[in-house]
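Heads up: the structure comes next, in structure tokens.
The values are calculated or read from the model by the stated rules, or taken from the named source; none is laboratory data. These numbers were taken from a predicted model, which means no experiment stands behind them. For neighbour counting, all protein chains shown are included, and Cβ atoms are generated from backbone atoms with ideal geometry for every residue, glycine included.
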Amino acid sequence: MPRMSAFTDMEIFARVITAGSLSAAGRELGLSPAVVSKRLKRLEERLGTRLLQRTTRQIALTEAGRGFHDRVVQILASIEEAEAYVSRRSDVARGTLKISAPTSFGRLHVAPHLGRFLEANPGLTVNLALSDDFVDLVKDGVDVAIRIAELTDSSLVARRLAPNHRLLCATPGYLAAHGTPQSLADLSRHALLATAGQDPWRLEGSEGPVTVHIDGRLRTNSNEVVRAAVLGGFGIALRSTWDVGPELRAGQLVHVLPAYRASRRVAVHAVYPSRRYLAAKVRLFIDYLAGLYGEHPAWDDGLESMIGG
């Protein structure tokens, strides 16, 4: 379907942000970098403002460009939905779906299920990026991100996919050697394992919210390292059941201080930037994950006595 030139300029602009460079966007669109640059310049001249800061190695959105891109994504999504409605293809996922997910969760609970999703959507390509950092969906061109958090960012649309139960745990060997803590105060005499972003632990008990500061000898930015350390008997960690459920069921890890757990307000969410329009590829993927997980996900089976389910 032909589009107005302004929409074409917007699409080129959005593709540049998603691809990360003018040359990469040009390859995807079948245009030379010079043509892409010319079209972006024309768009900026028409708007009377600079949208991108360009260097020899990278591009970055200006403040105006960031706000413009957020709105362009909505406009392009509305066009795609309108075309799909007219051609009766509203349930067909096409193009590339860029997904961001936490490293461990993505490895354990997203990647194993992508094959079936791709089989059901042959016109779709998936780009799965794993990172323990909170990515900027607009800047990084992410269609949907999986976030395990208590969400407060009202600029994003979120859908709860599953609860997230986080428990204190350690190996039987560690507890045999160092003793089992009977109170929060006892934790000061133990090796506590956490990433820098998990300090402090914010727990809930019968007395309400409590905070435990981490002062351990192991420092890392990797959740995978913390997981390996607790399984190796190096200390006590606050881990999610989706991460260590099999080890808890098998007795390789023991639930410590069961009167305390992390906030129940933290959950597994799918977040996306568009407020009004949701592309079919994003909607179908979110529905797919919601069907896989739900309020009683399989990773919590057999752990009801620990999580209170």
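Numerical summary
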item	result
Qualifying residue in the stretch 271-288 (condition: acidic (D, E), in a helix (DSSP H, G or I) and in the same structural domain as A194 (by TED's automatic domain parsing))	no
Pick from the stretch 102-120, criterion crowded, with 20+ Cβ neighbours inside 10 Å and not small (G, A, S), ranking: farthest from R166 (Cα to Cα)	V110
Scan of the stretch 23-51 for residues that are outside any helix (DSSP H, G or I) and modelled with pLDDT under 90, ordered by number	G30, L31, S32
Scope the stretch 13-42; condition surrounded by 19 or more Cβ atoms within 10 Å (Cβ to Cβ) and among the charged types (D, E, K, R); matching residues	R15, R39
Of all residues making up the stretch 289-305, the number that are without any contact (Cβ under 8 Å) to a residue 24 or more places away in the chain, part of a helix (DSSP H, G or I) and not acidic (D, E)	3
R57, sole failed condition from (1) surrounded by 14 or more Cβ atoms within 10 Å (Cβ to Cβ); (2) part of a loop (DSSP other than H, G, I, E, B); (3) at pLDDT below 70	(1)
Any chance T211 is surrounded by fewer than 18 Cβ atoms within 10 Å (Cβ to Cβ), part of a loop (DSSP other than H, G, I, E, B) and hydroxyl-bearing (S, T, Y)	no
Residue within the stretch 124-143 that is over 15 Å from the mean Cα position of the chain (by Cα) and at pLDDT below 95 present	yes
Single residue of A237, A185 found to be surrounded by 15 or more Cβ atoms within 10 Å (Cβ to Cβ) and either hydrophobic (A, V, I, L, M, F, W, C) or touching a His at 6+ places or on another chain (Cβ under 7 Å) (or both)	A237
Answer from R166, R219 - the residue that is among the basic types (K, R) and crowded, with 17+ Cβ neighbours inside 10 Å	R166
Failed criterion for A177 (all others in (1) more than 29 Å from the chain's Cα centre (by Cα); (2) over 22 Å from A259 (Cα atoms); (3) assigned to a loop (DSSP other than H, G, I, E, B) hold)	(3)
Leading residue by the ranking (farthest from A267 (Cα to Cα)) among those in the stretch 109-138 that are in contact with a helix residue (DSSP H, G or I) (Cβ under 7 Å, 6 or more places away or on another chain) and not in a strand (DSSP E or B)	N121
First in the stretch 250-270 and under 17 Å from Q198 (Cα atoms) and assigned to a loop (DSSP other than H, G, I, E, B), second anywhere and of a type in the set (A, V, I, L, M) and at pLDDT below 90, Cβ under 7 Å, 6 or more apart	V266/A149
Residue pairs meeting the criteria (Cβ under 6 Å; at least 6 apart or on separate chains; first closer than 21 Å to V226 by Cα, in the stretch 126-145; second surrounded by fewer than 16 Cβ atoms within 10 Å (Cβ to Cβ))	L130/T103; D132/T103
